[in-house]
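Report on the following structure.
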Amino acid sequence: MTVSVRAEDVAENLAAVRDRIAAAGGDPEAITIVAVTKDQPREVIPAALAAGLVDLGENRAEALVAAASEHAAARWHYLAPIQRNKIARLAPHVAVWQTVDREAAAVAVTRHSPQSRMLVQVNLTQDANRGGCALKEVAPLVEKLRAQSVAVLGLMAVGPLGPPSASREGFRAVCDLADVLDLPVRSLGMSGDLEVAVQAGSTMVRIGASLFGPRPGADGARH
């Protein structure tokens, strides 16, 4: 089946997302919207760029490399766990690595791309299968990375499963820690818990479904 994604539709959805940010008390001009393209048809990328979205996020390494080669205007954010065997291919194309949770990965990225910017991912659950480091491990990691001149911009977290309100406490804790560490970027919130994230102090939201519609085969989660 051929999927048609129109820039006009993405622009309309983008306006709705900005309205949601404003209604939650945020400044739509100050909060960065990262358009998540994971498992979406390739047509969403030119449509997003035409609608004025520059920051695009992708979880699949191969998809990111292929898309970045075709769309030089995009600023790509890598949103999956960082695997060292994929860093060399990704490094020329990734502007922001959002999922740093260990020193070795950050150092490996910097070795391939000294100008790389990174976010430290915080795991807000007790699930060891989720990416990120525990809240108490964040400050020591940031200190180690700063000592090696790694460009850490901020913190990133994914809310726990459950209603959007389940994310509130964790998001606030991440923002409080970012303040203590003097980190300006807080990448919190997706399509389903955007309002909670904005109210907690997010400066960056990662939005897929609210811009492009549900991913094929997705269960209607928060992306």
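Ellipsoid semi-axes for the range 92-215, based on the Cα gyration tensor and the rule √(5λ), read 24, 17, 13 Å when sorted largest first. Within the assembled protein chains, the solvent-accessible surface assigned to L49 is about 50 Å², based on a 1.4 Å probe. Normalising by residue count, the range 34-126 has a Cα convex hull of 103 Å³ per residue. Give the relative contact order (percent, whole number) for the range 65-223; include only Cα pairs under 8 Å separated by 6+ residues. Across the range 65-223, relative contact order equals 15 percent. Counting helices only, and only those DSSP H runs with n ≥ 4, report the 222 nm mean residue ellipticity of the chain as the sum of -39,500 (n - 2.57) divided by its residues, in deg cm²/dmol to the nearest 500. The per-residue figure over the chain is -11000 deg cm²/dmol. Of L194, L153, the order by accessible heavy-atom surface (1.4 Å probe, DNA, RNA and ligands excluded), from most exposed downward, is L153, L194. Within the accessible area of the chain, the carbon and sulfur atoms contribute 50%, probe 1.4 Å, all protein chains present.
Solvent exposure of the range 79-167 amounts to 49 Å² per residue of accessible area, where only protein heavy atoms count and the probe is 1.4 Å. Among Q126, Q199, Q148, the largest mean-square fluctuation in a Gaussian network model of the chain (Cα springs under 10 Å) belongs to Q126.
If you sort R117, R130 by accessible surface, 1.4 Å probe, largest first, the order is R117, R130. Mean-square fluctuation check for the chain, GNM, Cα pairs under 10 Å: which of A72, A47, A11 is largest? Of the options given, A72 has the highest mean-square fluctuation.
The values are calculated or read from the model by the stated rules, or taken from the named source; none is laboratory data. What you see is a predicted model; the values in this text were computed from it and never measured. Accessible surface is based on the protein model in full, side chains and every heavy atom, while ligands, DNA and RNA are left aside. Shrake-Rupley method; radii C 1.70, N 1.55, O 1.52, S 1.80 Å.
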